[in-house]
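Shown next, in structure tokens, is the structure this report addresses.
The values are calculated or read from the model by the stated rules, or taken from the named source; none is laboratory data. The structure presented is a predicted model; accordingly, all values stated were derived computationally and were not measured. Quick reminder, even Gly has a Cβ in these numbers, built from the backbone with ideal geometry, and neighbours come from all protein chains shown.
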Amino acid sequence: MTFNFLYLLCCLLAGIGIIVLLTTRYRITAFFALIIASFVVGLGMGMPLAGVLQTVKDGFGNILKSLALIIILGTVLGTLLEYTGSTRVMASYILRKVGERRSALAMSLTGFIVGLPIFCDSGYIVLSGLNNSLAKRTGISIAVMAVSLATGLYAIHCMIPPHPGAAAAAGIIQVDVGRLVLFGIVVAVPAMIAGHLWANYAGKKANVIADDTNHIEVTDNQSGPSVIRAFMPILIPILLIAIKSFFTVDPLVTGKWIQVVLMAGDPVIALTIGILLAFNSKRGWKKDTVSKLLHDGVEKAGSILLIIGSGGAFGAVLAAAKIGEQFSEALPLASLGLLFPFLITFIIKTAQGSSTVAIITAASIVLPLLPALGMDNERGHLLSVLAMGAGSMMISHANDAYFWVIAKFSGLDMRTMLRVYSTATLVMGLTSLLVVYVLSLLL
């Protein structure tokens, strides 16, 4: 059964509309929204019910097969770093090195590093007391401090696995997770800097003073691991992944020990090593404590895996319906290139609020269109995921849960949040797109 392009476009828009409507107006979890959209689009495009059901099952299972361990291990690592106090040790160390006069930059850097294994909302809550205390002590506007911390966390959250959006896009588009981590950092660093600079520029005009609640003073003798032990669970896995990517790229490097390096650089093994190092950050572990922390980490990962799996199901339905062929014939997609995945993600993000749902939905749409976009190769897959990460940054506003976390824990009003934070996410997204474009010229 064949349909004209306009009908297929309406089916696709109906699926996206269902996702936006259910997640925003009715507050239904993205898992059900994506599954319902999968059936609506599949049946609308003429697939039999049994075929849609089987495709949903296959898509759900295939993406979890490659990503489940990465998501679970990354979530557990973040939980352990919060519990052991490693996040505060890292923040205190960075602050001492950067200096109180540049406290906003210190919090931006802290957010960037702490955000590697910790989700942005959790990271902001953990560090908000320290952030507010520094704002009060230094006299720097809390708008500057809050948005600097928030954008540092946000840059990582949108670009790099094991954060769910980037990880899901890597699974759907078939991108090597190790390479995505490395190039994602390359893109996220300028985004973080852009967010911090905008916070300094726009936040100074909104000279909001931090209140006297939820303060945590920075001292050199706070309880927690040593600086080396605090940083190792994050830096060692990244180093291992980087080494593996280098040897994978350079086929001339040979040797028996290479196999050990390649094995240790696998994201699953690297994250496992990070977890073991996180346990080494604290002495005197109790069995009940370990059990609870592991349980909490796995439990938190469970809901994320459901969303990722449903995103894979939606993508599988679009691929099975061969929507890519119709789009490639009707639209000049080749001329859009990187701009298409960026715009699709940007529109969905702005409409429904969640960066994770936006990038997963966009990846499902982009996958069958990669040949028409001229990006159906390893390089193109990587660049498309990076472009979607850039699109998922903008624009964070009142329909984004992270927006309200920042507002609540910093005491900023809606007007200030929109003027400083929301515009910062716009600047970050455009900066990231520019960096991805430069990478496309160099790779």
Against the conditions (1) closer than 20 Å to GLY171 by Cα; (2) surrounded by fewer than 16 Cβ atoms within 10 Å (Cβ to Cβ), where does ALA362 fall short? Just the number, please. (2)
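Conditions (1) β-branched (Val, Ile, Thr); (2) more than 21 Å from ARG27 (Cα to Cα); (3) in contact with a helix residue (DSSP H, G or I) (Cβ under 7 Å, 6 or more places away or on another chain); (4) surrounded by fewer than 22 Cβ atoms within 10 Å (Cβ to Cβ), marked per residue:
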site	(1), (2), (3), (4)
SER396	no, no, yes, no
ASN399	no, no, yes, yes
TRP404	no, no, no, yes
ALA407	no, no, yes, yes
MET417	no, yes, yes, no
MET428	no, yes, yes, no
TYR437	no, yes, no, yes
LEU443	no, yes, yes, yes
Pair list, Cβ < 6 Å and 6+ apart or interchain, from the range 304-320 residues that are without any contact (Cβ under 8 Å) to a residue 60 or more places away in the chain to residues that are of a type in the set (Lys, Arg) and assigned to a helix (DSSP H, G or I): none
Count of the range 116-165 residues which are within 30 Å of ALA68 (Cβ to Cβ) and among the hydroxyl-bearing types (Ser, Thr, Tyr): 4
List pairs: first residue in the range 260-278 and without any contact (Cβ under 8 Å) to a residue 24 or more places away in the chain and more than 19 Å from HIS295 (Cα to Cα), second residue buried (at least 21 other Cβ atoms within 10 Å of the Cβ) and not acidic (Asp, Glu) anywhere in the structure, Cβ distance under 6 angstrom, at least six positions apart or on different chains. LEU262/LYS244
Checked against (1) assigned to a helix (DSSP H, G or I); (2) closer than 19 Å to SER303 by Cβ, PRO162 satisfies every condition except (1)
Within the range 421-433, can one find any residue that is within 24 Å of ALA167 (Cβ to Cβ), of a type in the set (Ser, Thr, Tyr) and out of contact with any His (no Cβ under 9 Å at 6 or more places or on another chain)? yes
Qualifying residue in the range 381-393 (condition: within 15 Å of THR151 (Cα to Cα) and not in a helix (DSSP H, G or I)): yes
MET388 being buried (at least 21 other Cβ atoms within 10 Å of the Cβ), over 14 Å from THR425 (Cβ atoms) and within 15 Å of the chain's Cα centre (by Cα): yes
If you check VAL298, VAL227, which single one turns out to be more than 30 Å from VAL427 (Cα to Cα), of a type in the set (A, V, I, L, M, F, W, C), under 24 Å from the mean Cα position of the chain (by Cα) and modelled with pLDDT of 80 or more? VAL298
Scanning the range 277-290 residue by residue, the ones that are in a helix (DSSP H, G or I) and within 25 Å of ILE236 (Cβ to Cβ) total 5
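Sort out which residues of the range 104-123 are over 26 Å from GLY178 (Cα atoms), in contact (Cβ under 8 Å) with a residue 40 or more places away in the chain and surrounded by 24 or more Cβ atoms within 10 Å (Cβ to Cβ), and write them in order of number. Don't jump to the end; show me each part of the working.
So in the range 104-123, the residues over 26 Å from GLY178 (Cα atoms) come out as 104-107.
When the remaining residues are screened for being in contact (Cβ under 8 Å) with a residue 40 or more places away in the chain, the result is 104-105, 107.
Answer for the range 104-123, where residues must be over 26 Å from GLY178 (Cα atoms), in contact (Cβ under 8 Å) with a residue 40 or more places away in the chain and surrounded by 24 or more Cβ atoms within 10 Å (Cβ to Cβ): ALA104, MET107.
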Conditions (1) free of Cβ contacts under 8 Å to residues at least 24 places away in the same chain; (2) outside any loop (DSSP other than H, G, I, E, B) -> LEU433 fails only (1)
